[in-house]
Structures are given as structure tokens and as C-alpha cells.
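Here the structure is laid out as C-alpha cells; the discussion comes afterwards.
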Amino acid sequence: MTNTDDRGMRRGLTRYGDAGFSLFLRKAFIKAMGYSDDALERPVVGVVDTGSGYNACHRNASELVDAIKRGVMLAGGLPVEFPTVSIHESFAHPTSMFLRNLMAMDTEEMIRAQPMDAVVMIGGCDKTVPAQLMGAASAGVPAISVVTGPMMTGSYRGERLGACTDCRRFWGMHRAGELEEGEIDAVGDRLCPTAGTCMVMGTASTMACMTEALGMMLPGGACIPAVAADRTRHAEAAGRRAVAMAEERLVPDRIMTPAAFTNAFRVLMAIGGSTNALVHMTAVAGRLGIAVDLAALDRLGRETPVLVDLKPSGSHYMEDLHDAGGMIAVLRELSPLLNLDCLTVTGRSLGENLDAAAPSWSQSVVRPCSDPLYPEGGLAVLSGNLAPGGAVVKHSAASPELLNHRGRAVVFDSLDDLARRIDDPGLDVNPDDVLVLRNAGSKGAPGMPEAGYIPIPAKLARQGVKDMVRVSDARMSGTAFGTIVLHVTPESAVGGPLARVRNGDTIHLDVAARRIALEVGEAELARRVPSPPPSHAGAERGYLRLFLDHVTGPDVGADFDFLAPPLSGRVTPG
Ligand code: FES
């Protein structure tokens, strides 16, 4: 009973001061679950079940748990499922990003605290996959990612619909008076027709694609629709593979190297992915002491064409990308630009995985590099006196005529101020103005909500205005579109320049030059009293207190400062 082998149920014994007694007690209790001694001697594979009545995107989680467990048992292991925090975008107040780090801590600590030789993590909705990768990176146990998969598209009066690019498009039409109450309700009935995640290239799809490129998911897993039989077969394969990973001790930091993150960022650009994924992957890399060089990322964007024709940058949906060959087709097309030697969860390199996959075929969703959707990657990193620590714009989803634009600032002090005044008929605003929202960052909101998609003021929307330059320290849903400058760093609430912008100032956005400038003299700016940071009810205690004291900015992933190790000197993209 004093076996020092740290595998299976002997792993991470509860401390009673007597290891033999700890193991005896653990086995006594787990016998209550009905396991045999044979089962308890097997490699243990944890299965993170993020099914929740509040998470529509994870509606199929229990089916995936069953498939993963089947795969583990077919390979001779013992699967043990366990729950963690589960987060859905529309059911989290004040915003799901506020809870991402909580889920990452929960995932890390539950992987570390409970006996498992490997873990399969079921994620899907926007914050869940990054939280799980962050947790797995820190826990250091062999880990493999499975996503719930994208929803199928819906249809309204013969028009194909997808959450949530079309949620925003139809809501914009409703705000402009083009869609009656009954019609917008009918659209709402059809936007999310099946289990699964948003089926455009939003944050969930982007994170799934990047995770496959990073090597943390079995090949082909990112794009399989949630309701497809292939999705459960993929889950079974992941369970099987996790048993082998336990034997091989294939821990995450062998896979998630700077070169692998470079591959993932390359894919972010090529798929016209979500700006949120930049923050999330920065946080995952940070957990391994790897820094993200924003200038290098921008250079990588300039040399990477957008190949994937999906909404919101293009016209198709995730089921189309799956039918076109999924990430295998994307990675193959990008292969001259990728680090093909990177190790993946298969135990083989990315290049070997591509060689082993079925041949690609002619299709129109994944363009060849010789005929891209856009010649440059979807995201640009901006700097300038308004954003000395950087800002991002998804120019593949912006209006070309606004990419070099000078306009008068119309400033909103907070989300509440925005909600109060944006539709005020007396608001002094013109189509050429620049809408500015501050105090919407990590500490300001808190949690950096997806409020960067500032609505077009109702009176302008009714005149047919579809897009304006918008600037904030908030994030934006990956499903949104428009000429929207996000993640302005440092944020207003910590005294960033955004706090000193006044109504009527001139702001100049020049995406080609990667500049966002506040055209106000330094002396004048220094004279101005910054707008005060907002106070938050309930901030004297609990998770909100922890969050406000320790959350960082988007340039370092908006992780808690005590969760990432010191930087190791390793940098990505490299
Ligand atoms: Fe879950 Fe869009 S709300 S992926």
C-alpha cells in the first residue's frame, strides 16, 4: 500500500500524513462507484464535462462525454468525467470574459487536484476553449481538446441565417426601422437551430481552428458540425488517443511552443478570425512564459492572405468549411508558411498529420494563396498616441472607405452612458464622426465586454448609415463587422490616453500606416484631467475584488498577474 508509482489512482494522493492510508481510503471511496480492481489499475483519463443548462452551445456535451469515455475504454484506460465552470456568452453577467480566468483556474486546479494521467477537455463556446488551454498549460498534464462543434445554419424566408453575424445584421435592420417586431422575433426563432457554437468565423470557431493549428486537437476536429456523427467519432478518437498520450507523457508544453503559437496566429490571419482570439492565445502563451510580439504579429498579418471565405469577412458558414475539408484544407494551403515540425497531440508533427490526411479537393470556401479573399491577414495591430500599448482592427470586416478616416470624436464615458445617450435624438453626431467608448476595458467595465461594436446612433441608422469608425478599450464579438478599433491599451480606467479624449477632438485612423492618432497637442493633453475610472458595486469582496486587483490588459492576455510565470525570453510569432 506504499507504492510510489504516481500513475492512475495513486496520483496526487490526499494528504493525511500516511500515503498508504490515503490510497486505501481513496480506493475504498471509489469502490462506491462500482469500479473493479482491474479498472482502477488502468491509466485514468479525466473528461472535463462542461455541459450546463445555461450553456446552449454545449447542448451535446453529454453525447461527447459518452463517446470520449468509449474511446478511452477501447484503448484500455479508465475514463472519469468531472465538471468545471461552464460559460455561455449570453448567460454571463457582466460578461463572459469576466469569468474566463475563473474557469481557467477551476480547470487547472481540478486537473491537478484529482488523479488523472491525461485529460480530454470539452470546450466550445467562446471563453471555454481558451480557459481550458490556459488551465491545461499550467497543470502540465497531457491534455487534448475537443470542441462541441458549430451549429448548422438556419433559414428565414429562404435566406440562410447564422449566429451571430446575422443576429447583428437583423438587429441593425430592426433598429433602422426596416424590420417589424414580429419579424425580428421570427428571425430570433431561427438563428440558432441546432446544438453547437456560432457557425460563422466568430470567436468559438476561431479558437477551434487555432487550437487545431496549435496541435492541441486531433486533425480535422475544429469544423465538424455539432450534430454530425463525425463529431462523436472524433470525440471517441480523442479518448483513445488520450490513453496513449498518458503513456507517452505528452504534456502541453511539448506541443505549445513558440513555433506552434506562430502557426496558430498564422491561421488566425488566414481565416479572418476573431480579434478576441488574439487576447486568448496571448493568455495561453503567457501561461508558458511565452510573450506575444504585437509588431511581429502585424508583420505576420501583412504576409498572410485571408483564404477562408466565411462570415463575417466572407460569405460561407462553418458547415461549408467542414464540407470543403476543414482545417486540413486550410493548413495544407498555408503549409509553405507554417512550422511543419511542430509536435501535435497525435504524437506526430503537423506536417506528418497533413501528409497522412485524405487528399484535398476542388472547392470554393478555402481559396488558394494565389487567389485569396484578401491579400493580407484579417487583423491589423495599430499604435499611436491614442494607443501607446497597441490596439487592433479587423480590417477584413471593415468598410474600405473608412480605413483611412479623420473625424470628430463623440465620446461616451461608460457603457451606461452609451446606453443612455446613443439613441438620443438630440445627440450631436454625424456620419463622419468617430464614436469613442471608454471605461470598457479589463478593469473599467469590468471584464472588457464585447461592447466595441458600438451601435450606429438610431437617427443615423434610420438615414441608412451602416458603418462608422468606432474606437474603444472594449472587445468585440468575432461575429461582428464594421470599422472598429478595439483593445485600446492602456485602457481608460488605468489612465490611458482614452481617458483624456473630449468631444470634438479629431481622431485619425490610418490602417495602412497602422496608426490611430488623437490630433491634440501633448501639452494640451497633459493639462487635461482624465475621466475618472468608474466604481463597481460589490467590489469590496469576492471574485470581483480578486479580478479588479489582478486582471491585466489585453496586450498580455487579460490573465491574472499571479497566474502566468515570469516571461522565459521565448517570443511568438518568431
Ligand atoms: Fe456560444 Fe456563440 S454564443 S459560440
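With the biggest extent put first, the Cα atoms of the stretch 66-117 measure 44, 23, 10 Å across the principal axes.
Along its first, second and third principal axes, ordered by size, the stretch 376-490 spans 35, 32, 27 Å in Cα coordinates. With angles folded into 0 to 90 degrees, how steeply does helix 181-190 sit against the dominant principal axis of the chain? Use alpha carbons for both and round to 10. Once rounded, the angle reads 30 degrees. Beyond 13 Å, the tail of the calculated P(r) for the stretch 388-440 holds 69 percent of the Cα pairs. Inverting the pair-averaged 1/r between distinct Cα atoms of the stretch 474-574 gives 16.7 Å as its Kirkwood hydrodynamic radius. A Förster radius of 22 Å, combined with the Cβ-Cβ distance separating F21 from E109, puts the computed FRET efficiency at roughly 0.40. Within the P(r) computed for the stretch 278-330, what percentage of the Cα pairs occupies the region above 15 Å? Considering the stretch 278-330, 64 percent of its Cα-Cα pairs are separated by more than 15 Å.
Seen from a random direction on average, the alpha-carbon convex hull of the stretch 90-139 projects onto 3.4 square nanometres. Taken over the stretch 207-252, the convex hull of the Cα atoms encloses 63 Å³ per residue. Here the alpha carbons of the stretch 298-457 define both size measures, Rg and Dmax, at 20.5, 63 Å. The long axis of helix 61-74 is offset from the longest Cα principal axis of the chain by roughly 30 degrees. Compactness of the stretch 521-574 is given as radius of gyration and Dmax, 16.7, 43 Å, from Cα positions.
Contact order, relative form, for the chain: 14 percent (alpha carbon pairs under 8 Å, 6 or more residues apart, mean separation divided by residue count).
So what is log10(I(q)/I(0)) for the stretch 144-269 at q = 0.12, 0.16 1/Å, when the Debye sum runs over its Cα atoms only? Each listed q maps to, in turn, -0.57, -0.83. Sorting 478-484, 183-189, 148-154, 350-356 by average packing, meaning the other beta carbons within 10 Å per residue, from highest down gives 148-154, 478-484, 350-356, 183-189.
With viscosity set to 1.002 mPa s at 20 °C, what whole-number translational diffusion coefficient in µm²/s follows for the stretch 143-206 from Stokes-Einstein and a Kirkwood radius over Cα pairs? Rounded to a whole number, D works out at 171 µm²/s. Stokes-Einstein, applied to the Kirkwood radius of the stretch 112-154 over Cα pairs at a viscosity of 1.306 mPa s and 10 °C, places its translational diffusion at 140 µm² s⁻¹. Computed as a quarter of the hull surface, the mean projected area of the alpha carbon convex hull for the stretch 313-385 stands at 7.1 nm². Computed from the mean reciprocal separation of all distinct C-alpha pairs, what Kirkwood hydrodynamic radius does the chain have, in Å? One decimal place: 24.3 Å for the Kirkwood radius. Semi-axes of the equivalent ellipsoid for the stretch 7-136, computed as √(5λ) from the eigenvalues of its C-alpha gyration tensor and ordered from largest down, come to 29, 17, 11 Å.
Taking a sphere under 12 Å around the Cβ of I290 and counting the other residues whose Cβ falls inside, with K and R at +1 and D and E at -1, yields a net charge of 0. Judged by the mean number of other Cβ atoms found within 10 Å, the most tightly packed of the peptides 385-397, 191-203, 518-530 leads the ranking 191-203, 385-397, 518-530. In the stretch 174-247, the ratio of gyration radius to Kirkwood radius, Rg to Rh, stands at 1.19 when only Cα atoms are counted.
Applying a 4.7 Å Cβ-Cβ cutoff to the chain, the cysteines left without a disulfide-compatible partner are C192, C198, C209, C223, C342, C369.
For the stretch 478-574, the relative contact order comes to 20 percent (Cα pairs under 8 Å, sequence separation of at least 6). Short-range pairs are left out: with C-alpha atoms under 8 Å and at least six residues apart, the relative contact order of the stretch 333-456 is 14 percent. Take the Cα of N430, step 7 Å toward its Cβ, do the same at R70, and the gap between the two points is 6.5 nm. Exceedance of the 23 Å cut-off in Cα-Cα distance is limited, within the set K31/K69; K311/K394; K127/K459; K127/K443; K127/K466, to K127/K459; K127/K466.
For the stretch 203-349, the alpha carbon convex hull comes to 102 Å³ per residue, rounded to a whole number. When Rg and the Kirkwood Rh are both derived from Cα coordinates, the Rg/Rh ratio for the stretch 431-502 amounts to 0.99. Remark: the chain carries a charge dipole of roughly 600 debye about the Cα centre, counting +1 on each Lys and Arg Cβ and -1 on each Asp and Glu Cβ. Once the Cα atoms are used to define both axes, helix 203-214 deviates from the longest principal axis of the chain by about 50 degrees.
Taken together, the values in this text are just the output of simple stated rules run on the coordinates, not laboratory data. Values in this document were obtained by computation on a predicted structure and should not be read as measured data. Here the Cβ is made from the backbone with ideal geometry for all residues, glycine too, and neighbour counts use every protein chain on show.
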